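**Student:** So that we are looking at the same thing, I have put the structure below in structure tokens.
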Amino acid sequence: MDIHEYQAKELFRNAGIPVPPGEVATTPEEAGEIAGRLGGTVVVKAQVHAGGRGKAGGVKLAASAAEAQEHASRILGMEIKGLTVEKVLVTPAEDIASEAYVGIVIDRATQAALFMVSPEGGIDIEEVASTNPDAIRKLRVDPRYGLLPHQAYLLGSFLYPDVKLARQAAKVMEQLYDAFTTNHCSMAEINPLIVTPEGELKAIDAKVSIDDSALFQLPEVATFRDLEAEPESETQAREAGLSFVKLDGNVGCCVNGAGLAMATMDLVKYYGGDPANFLDIGGSSNPDKVVSALKIITDDPNVKAILFNIFGGITRCDDVANGIVEATKRIDIRPPIVIRLTGTNEEEALEILKEAGFSAYTSMDEVVEKAVELAASA
Amino acid sequence: MDIHEYQAKELFRNAGIPVPPGEVATTPEEAGEIAGRLGGTVVVKAQVHAGGRGKAGGVKLAASAAEAQEHASRILGMEIKGLTVEKVLVTPAEDIASEAYVGIVIDRATQAALFMVSPEGGIDIEEVASTNPDAIRKLRVDPRYGLLPHQAYLLGSFLYPDVKLARQAAKVMEQLYDAFTTNHCSMAEINPLIVTPEGELKAIDAKVSIDDSALFQLPEVATFRDLEAEPESETQAREAGLSFVKLDGNVGCCVNGAGLAMATMDLVKYYGGDPANFLDIGGSSNPDKVVSALKIITDDPNVKAILFNIFGGITRCDDVANGIVEATKRIDIRPPIVIRLTGTNEEEALEILKEAGFSAYTSMDEVVEKAVELAASA
Amino acid sequence: MSIFIDDSTRLVVQGITGRDGSFHTHQMVAYGTNVVAGVTPGKGGQSFEAEGGKRIPIFNTVEEAVRKEGANASVIYVPPAFAAGAIVEAADAGVAFIAAITEGIPVQDMTRTYAFVKDAGVRLLGPNCPGLISPGKAKVGIIPGQITMPGPVGVVSRSGTLTYEAVFQLTRAGIGQTTCVGIGGDPIIGTNFIDVLSAFGDDPETEAIVMIGEIGGTDEQEAAAWVRENLDIPVVGFIAGQTAPPGRRMGHAGAIISGSAGTAEEKMKVFEANGIAVARRPADIRSPIAEGLGG
Amino acid sequence: MSIFIDDSTRLVVQGITGRDGSFHTHQMVAYGTNVVAGVTPGKGGQSFEAEGGKRIPIFNTVEEAVRKEGANASVIYVPPAFAAGAIVEAADAGVAFIAAITEGIPVQDMTRTYAFVKDAGVRLLGPNCPGLISPGKAKVGIIPGQITMPGPVGVVSRSGTLTYEAVFQLTRAGIGQTTCVGIGGDPIIGTNFIDVLSAFGDDPETEAIVMIGEIGGTDEQEAAAWVRENLDIPVVGFIAGQTAPPGRRMGHAGAIISGSAGTAEEKMKVFEANGIAVARRPADIRSPIAEGLGG
């Protein structure tokens, strides 16, 4: 789960990281008031789950409260990479002597948390990695020992030759690692970490992703989810326990298993169609989930055909068949449905579908081809 | 550093371990008052750094405040294994359904904390270990992972076949391990851990030793040191930064290095004498330490001869020589002093001693033989 | 032959009394897997009656299952909040092989758990995986037995049902399997492609390999380079997620294209560069395998 | 030959600017040890002038000392509160050998530190030890060089000054040493008797061994059993603390008789039972060694 900059800064602040003050506004007036309270020059920053906010015009300096309000009125409602800006963060503008990058990710290759730091801050770290890899220092944190003090110092001293700054930075590393573990982050980034002309470190921008699987242990962080930042269909899907990603095509897909769901989408494309979504109904499915899934797919006006691809394992085919039949009773399903079912309790499922007037395929290629054809001719 | 039962119980209580209430009294009247406040039958327990308090008559049940006061008046001032009882703990008597033993030590062989638990509680665990080793379960705690939940449960279930009790006990294991690590214990013991007739676990007795080397990080625990529980000479020695143990012989020993100090004591015995003390002046010695050492040794009326055995390494022989000369100026040293010095700055030292009228040996055997002879003829 | 599990596997089921655990214990017993014990804390002393009347003793701890029933492998169906602890418990109790089926274990819990398992010298498969099956010998996990058949092909996959699809394609084409292994879709897993490929390489009966990857990470790329250096049997690869958008998690916690890394296109390119035949759709797995087997 | 250190040792001194660190750096340089760097956090960029005018660069981190000066061994003189961290830092920076001289490191800090060092595959000597000396080649630590001479005897001891005494006895009798090693007096130490005995056993030039133990623990007992099984050169043993009372810590954190275990009497008995000649006093070490060397 991605969270907003102002939320990430709250987590960082809790861990002791020096973060400038700041407040969130949802109206231009509020933004102006906050700027007035803060005094001096402020920055008005769009809060959206997307990079490149600056280039898109979502980050503006304002010398007065009036100017802040003016900027906010332009930024609020703006679209950045398809996402509408609903909130802005108003925070004091800082004088910057130098900018650095500090980030931690879960690294799959080394099966651990991995620090990446660079004295070249404020820009995209992937770009630095490709153009000037020597400007990045990586450090794997052994989960058995955590971040050790000398390691924090090594990272700090890679950013700043000056011992005093290196020690301050080492402390920030420890605090960031603390925030990273406490909040089960999959990614936590300070970019840039600045040095002020007075020689103080400050985290000016913050980016954090939280491991969805850990949210059950983190009730406060779970409230950070911004329902306005995602399509309503994804919110509904999550609440129904479905794994769903909205796409732009016209073939609605309902599959069990993430790998098979991706392969089904790929096959839709292979046969010249376009998938309308990724949807995994999960392992231990029950008929209610299938009803929810069908409802979400049907709500998408683009969908011209619905394709079920079920390979029963944990998932019982009869559960899915019952769900389909139940859904057709409860909701008005406009597009045609084609079904492929095989595996656990396949016979029972075919019986149920037959009674309800559905037929079913056993080959994945056949059912996908059929769905693409139906969508194209709709 | 050994601490008293009531202090150990305070550490346990802080870690959440169920410990019955109780207060410490230094007078019989106080003990009576506490018993009155607690109500019901109480136990009056001598607080000394020694085992076998029960057998020595230092633990008594009292059915009333008056009886508690009476017991306290007999226990306070009592000698147990050479130690005078200055305090008693007054605590409610508990009904006991069963008794178990739970302990953790730092185990040198496995270089880690080691749990030992036994359903045979209330008695000496060394005895159980020799008579019925199968009644003890040991578990090494990997310092990289700490005590893992399933390990705590394995220990708990070794004590109690009943799952509910085993889970309660597992919690106590985790709390005890927490107390053990937080307070840098070298040993922490609950003996007995009882089950009440109502099925509740309680820690009835507590024994803890703290790692002296960690006291600098533990200011509160450091105040637990009971100066009355150790000879005054040892208190003085500690404050002077000396490592000192009082013994009963008449040859005072002043040595640099613990191993050499022990070997010197052994050699005194070998030549028919008896060492009055173990004393290591430490590595980076300075003349002041030598003065303190000589003062402490001289204060012991048993001492008939004083023996220096210095092998210079970090310790500079001239520092020691200066200390000896300085001491003879500042304090009146009754017994004869014999000196062996060799190693770093030996020549300078011999010069200093010569000027002050001392001569010195270079052989350890010679100096020890001489000291024993002087002590015997005094 | 087979890899990781076979006739000598003595399995303990952690979470045997749960919904999934009990269902799949029946399935595993029915398939012929030697399930010797179950573990559900608090239910020790009870027993689990499998189909056919076999009574499987239930213990409170894995240690007891190992001590009393000689369990040497474990399969884990316990809920995510307790699954990392269950893995550690099994590793500490001395089983040699653990398959963790549970989905949704917090990733940071897995980093510590993986370190523990590695220190203990135990092989962990998963988590968030379907387990594995050595057709005709044993199955551990949830792969449906009826879609498999014994034969010369090793199958390894990051996915669950997509693995079934691939195996189903093989079986329908009359091509059997030595072992089918689902390594799981999480970012931190105990056994990666190379571990399984290496085991297949050491198995004289495995004559060809099907390898099913997906978007996210670089495990497939590293495996491809390893294949080129170390294997001389034919390998066919498939990558799911060719149409997945970047930056979105596609169900599996590990199935996400980060920045420009981990796309299906990139992985397929690396496969081809390292001599792995790329199937564009699941059905295309069959013919290169049949060819590779000299069919 | 020698064990652990020799002419190829490139030493970094951690805590080089402290009282003990600077004193002993002078001594080590004077002895001929190749001290290539010092570390004092915050003093990087400065240098340390050893007697004879040699300038030793000071760094903020051990990593720099390894990277820039090729340090492959470290000796630690930093205060107890920072010493465990210094050990871990050195191990992480990739030196192969660490001698920790510092006394008073909290024991529980050492349990984690020892685990780290072991995971890193690094040899740690100490803490709370005098270090070691390979006469004529190098000394690392605080053993006075002038009391040693090159020769065929390996010396290993839990003590500091008592080691000097033993070495002094040998040297005065004209018996030289391959290496003299003080393993330290703490309960948790990186290198125990068996580690050193094993290294001496592998050293073709070590023809006899002196082993100096003390009360507390069972390290000597285990070493004695190991000697019987693994060594065919003569070993002479001495145990300090024959007159120590039980339950009292005799200076060293590890020198304490717990209950009835770890007495000098017990250890001497086990020595004798395993063919180790027992010296009753330090001076008695000489003749069995001289005999053992066929003198």
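**Student:** Looking at the stretch B:166-231, which GluC sites (Glu not before Pro) are DSSP coil and have at most 12 other C-beta atoms within 10 Å of their C-beta?
**Tutor:** For GluC sites (Glu not before Pro) across the stretch B:166-231 that sit outside H, G, I, E and B with at most 12 neighbouring Cβ atoms in 10 Å, the list reads B:GLU198.
**Student:** Any idea how far the Cα center of the stretch A:301-368 sits from the one of the stretch D:50-108, in Å?
**Tutor:** 68 Å
**Student:** What residue among D:THR243, C:PRO234, C:THR61 has its Cα farthest toward the positive end of the dipole of the protein assembly as shown, where the charges are +1 on Lys, Arg and -1 on Asp, Glu, each on the Cβ?
**Tutor:** C:PRO234
**Student:** Under a cut-off of 12 Å between alpha-carbon atoms, report the aspartates and glutamates in cross-link reach of B:LYS289, not counting same-chain residues fewer than 8 places apart.
**Tutor:** Partners found: B:GLU239, B:ASP280, B:ASP319, B:GLU326.
**Student:** On a 25 Å Cα-Cα criterion, which of the cross-link pairs B:LYS87/B:LYS246; A:LYS60/A:LYS164; A:LYS246/A:LYS354; A:LYS138/A:LYS171 come out too long?
**Tutor:** Correct reply: A:LYS60/A:LYS164; A:LYS246/A:LYS354.
**Student:** Rounded to whole Å, give me the distance from the Cα center of the stretch D:130-197 to that of the stretch B:256-290.
**Tutor:** 20 Å
**Student:** Now for a separate question. Name the shape class, rounded, prolate or oblate, that the alpha-carbon gyration tensor gives for the stretch A:232-377, where a ≥ b ≥ c are the square roots of its eigenvalues, rounded holds for a/c under 1.5, and otherwise prolate holds if a/b is larger than b/c and oblate otherwise.
**Tutor:** rounded
**Student:** Next up: Would you work out which of D:ILE183, D:GLY217, D:PRO282 lies farthest towards the positive end of the dipole of the stretch D:143-292, given +1 charges on the beta-carbon of Lys and Arg and -1 on that of Asp and Glu, about the Cα centre?
**Tutor:** Of D:ILE183, D:GLY217, D:PRO282, it is D:PRO282.
**Student:** Look at the axis of the rotation that sends chain B onto chain A, then give the chain B residue with the nearest Cβ and the distance in whole Å.
**Tutor:** Closest Cβ to the B-to-A rotation axis, residue and whole-Å distance: B:ARG144, 2.
**Student:** Using just the helices of chain A, give the 222 nm mean residue ellipticity in deg cm²/dmol: DSSP H runs with n ≥ 4 each add -39,500 (n - 2.57), and the total is spread over all residues, rounded to 500.
**Tutor:** So the calculated ellipticity at 222 nm is -12000 deg cm²/dmol.
**Student:** Ok, one more. Given the rule -39500 (n - 2.57) for each run of at least 4 DSSP H residues, summed and divided by the residues of chain D, what is its mean residue ellipticity at 222 nm, to the nearest 500 deg cm²/dmol?
**Tutor:** -10000 deg cm²/dmol
**Student:** With springs only between Cα atoms under 10 Å, which of B:ASP300, B:ASP212, B:ASP332 fluctuates most in a Gaussian network model of chain B?
**Tutor:** B:ASP332
**Student:** Follow-up. Please report, for A:PRO197, the nm distances (one decimal) from its label point, 7 Å out from Cα along the beta-carbon direction, to the equivalent points in the remaining copies, shortest first.
**Tutor:** Inter-copy label distances (nm, one decimal, shortest first): 8.0.
**Student:** Determine the sum of side-chain charges near A:GLU228: Lys and Arg each +1, Asp and Glu each -1, restricted to other residues whose C-beta is under 12 angstrom from that of A:GLU228.
**Tutor:** Net of charged neighbours comes to -3.
**Student:** Here is a further query. Please find, in a Gaussian network model of chain C (springs between Cα atoms separated by less than 10 Å), the residue of C:ALA240, C:ALA264, C:ALA30 whose mean-square fluctuation is greatest.
**Tutor:** Evaluated over chain C, the most mobile residue of the options is C:ALA30.
**Student:** Further question on the same structure: Report, for A:GLY16, each distance to the same residue's label point in the other copies, shortest first and in nm; define the point 7 Å along Cα→Cβ.
**Tutor:** 2.3
**Student:** Nothing charged except the Cβ atoms of Lys and Arg (+1) and of Asp and Glu (-1): what's the magnitude of the dipole of the stretch C:42-141 about its Cα centre? Round to the nearest 20 debye.
**Tutor:** 260 debye
**Student:** Now for a separate question. Suppose we consider the axis relating copy C to copy D; can you name the residue of C with the nearest Cβ and state that distance in angstrom as an integer?
**Tutor:** C:ASP119, 4
**Student:** Under unit Cβ charges (Lys, Arg +1; Asp, Glu -1), what dipole magnitude, rounded to 20 debye, does chain D have relative to its Cα centre?
**Tutor:** It comes to approximately 660 debye.
**Student:** Going through the stretch D:10-72, which GluC sites (Glu not before Pro) have at most 11 other Cβ atoms within 10 Å and a DSSP loop state?
**Tutor:** D:GLU51
**Student:** Between copies, how far does the label point of D:THR218 sit from its twins, in nm, shortest first, when each point is 7 Å from Cα along Cα→Cβ?
**Tutor:** Here D:THR218 shows inter-copy label distances of 4.8 nm.
**Student:** A further question on this structure: Determine the shape class of the protein assembly as shown: with a ≥ b ≥ c the square roots of the Cα gyration tensor eigenvalues, call it rounded for a/c under 1.5, and otherwise prolate if a/b is greater than b/c, oblate otherwise.
**Tutor:** prolate
**Student:** Using the charge dipole of the stretch A:21-92 (Lys, Arg: +1 at Cβ; Asp, Glu: -1 at Cβ; taken about the Cα centre), state which of A:GLY77, A:GLY51, A:ALA25 has its Cα farthest towards the positive end.
**Tutor:** So the residue we want is A:GLY51.
**Student:** With +1 on each Lys and Arg Cβ and -1 on each Asp and Glu Cβ, how big is the dipole of the stretch D:143-292 about its Cα centre, in debye rounded to the nearest 20?
**Tutor:** Here the size comes out at about 620 debye.
**Student:** Taking the Cβ of A:ALA112 as the center, what net charge do the other residues with Cβ under 13 Å away carry, scoring Lys and Arg +1 and Asp and Glu -1?
**Tutor:** Local charge sum for A:ALA112: +3.
**Student:** Also, quick follow-up: Mind checking D:79-90 for the average number of partner chain beta-carbons within 10 Å of each residue's beta-carbon?
**Tutor:** Partner-chain Cβ atoms within 10 Å, mean over residues of D:79-90: 2.
**Student:** Excluding same-chain pairs closer than 8 in sequence, count the lysine pairs in chain C whose Cα atoms lie under 26 Å apart.
**Tutor:** Lysine pair count for chain C: 10.
Any read-out appearing in this document is the output of simple, stated calculations on the displayed coordinates, not a laboratory observation. Small disclaimer: the values here were computed from a predicted structure and weren't measured. All Cβ positions, even for glycine, are placed from backbone atoms using ideal geometry, and neighbour counts span all protein chains on display.
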